[in-house]
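Structure record follows, encoded as structure tokens.
The values are calculated or read from the model by the stated rules, or taken from the named source; none is laboratory data. As the structure is a computational prediction, the values presented were derived from the model and not from experiment. Counting neighbours? That spans all protein chains shown, and the Cβs are built from the backbone with ideal geometry, glycine included.
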Ligand SMILES: C[S@@+](CC[C@H](N)C(=O)[O-])C[C@H]1O[C@@H](n2cnc3c(N)ncnc32)[C@H](O)[C@@H]1O
């Protein structure tokens, strides 16, 4: 049975990119039974070997194993930062004036309808110059997205006036009305295997791809993010989930919202603010500038800012951390390991540094050390810890934990 389960986990990874660790095999067994196609792993493996049945069997299993957790207004701050008017200007400059949006891995549709509602609100009309496509690998999720009917719990983050304007309400069910539906559509797309952007799609002004990359391995994340960036039209914006960005490279850690170059390039908005305490200001300015430089790929400047802090205080954990980020981004995994270790030596409960040390160790080929680092991150994540406010401001600690757990699972395989 273990052999059959491992074989099925491999098939799933090859089909969807989703990693399934050995400790998830019990859940995989149950999922196999839930498909109704087989009563155990060996039987399912046999079905999957038959070319005539394979695709359908794997699709059914993917429906069962993928994590479809989502909600309206998930990570509200990130959504509120979407620059609709600027996107419209870019779309006008590009020709047709329609802001083209792709919500990749949209699960049951809440993210797509949220974007539609935000577009209506931002343009102040029920007919905004926007077209949104939501895609997912799960047929079941897409069917529910098309249905657009949600339980009370799913809509709880929506303010009452928005619920009243964009839903009909019947008992405990809230159904999306025709206003957002008019400019929204759903389609199948596999981020791991299908072309990006999807075949037949034009380039996009806004791509939202959140809380899916964490289930992929590092190489796949890098490949997919690069393809997503290339799929943007000039002036377009890519929004990654915080944990997805954390699972990628250092450059992407600094900002989970990226903007494609436009003729009149707008710098991606910085979501960080220096701390207000006066004696700290200079140091915080260095940190903020270093992060901004790292974010824009200006490695030397980022290192110089970090070094300026370290010259005054060699025990500044955040400065070592920033050095580690930049070194990792440059492909110097060993230097990154050393810098991140220094950060953790100064501050052993610096969970973000432990997480990045995991990534650096993986890049350096040391899986055991990577596993240790992710476990340290999981042990030390503390939602009440305010010490790394500047670094953590746009990061959800729950997402970091999810990213760490995903890597621990993959490494324990
Ligand atoms: C946790 S949900 C994220 C939903 C939404 N983006 C959000 O952040 O709220 C993850 C979704 O990714 C989908 N998924 C997993 N692997 C995928 C792949 N290779 N291609 C496209 N979607 C995938 C799953 O079916 C699931 O619906």
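Side notes on the structure shown:
- Of all the numbered requirements in (1) touching a strand residue (DSSP E or B) at 6+ places or on another chain (Cβ under 8 Å); (2) away from the ligand (no atom under 15 Å from the Cβ); (3) assigned to a loop (DSSP other than H, G, I, E, B), residue 236 misses one, and that requirement is (3).
- For region 93-117, filtered to residues that are away from the ligand (no atom under 14 Å from the Cβ) and touching a helix residue (DSSP H, G or I) at 6+ places or on another chain (Cβ under 9 Å), the residue that is farthest from residue 190 (Cα to Cα) is 97.
- Residue ranges of helices (runs of 4 or more DSSP H) in region 246-327 with at least 3 members at pLDDT below 85: 250-254, 281-295
- Residues that are free of Cβ contacts under 8 Å to residues at least 60 places away in the same chain and within 27 Å of the chain's Cα centre (by Cα) within region 1-19 comprise 6, 8, 9, 10, 11, 12, 13, 14, listed in sequence order.
- Among the residues of region 37-54, not a single one is under 25 Å from residue 143 (Cβ atoms), out of contact with any strand residue (DSSP E or B) (no Cβ under 6 Å at 6 or more places or on another chain), at pLDDT below 95 and within 16 Å of the ligand (Cβ to nearest atom).
- Residues within region 176-192 that are buried (at least 20 other Cβ atoms within 10 Å of the Cβ) and either assigned to a strand (DSSP E or B) or within 11 Å of the ligand (Cβ to nearest atom) (or both), tallied: 5
Yes/no per residue for (1) under 19 Å from the mean Cα position of the chain (by Cα); (2) more than 13 Å from the ligand (Cβ to nearest atom); (3) without any contact (Cβ under 8 Å) to a residue 60 or more places away in the chain:
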{"site": "171", "(1), (2), (3)": "no, yes, yes"}
{"site": "204", "(1), (2), (3)": "yes, yes, no"}
{"site": "207", "(1), (2), (3)": "yes, no, no"}
{"site": "212", "(1), (2), (3)": "yes, no, no"}
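- Any hit, region 22-36, residues being within 28 Å of the chain's Cα centre (by Cα), free of Cβ contacts under 8 Å to residues at least 12 places away in the same chain, surrounded by fewer than 18 Cβ atoms within 10 Å (Cβ to Cβ) and in a helix (DSSP H, G or I): yes
- Any hit, region 378-385, residues being modelled with pLDDT of 85 or more and closer than 17 Å to residue 216 by Cα: no
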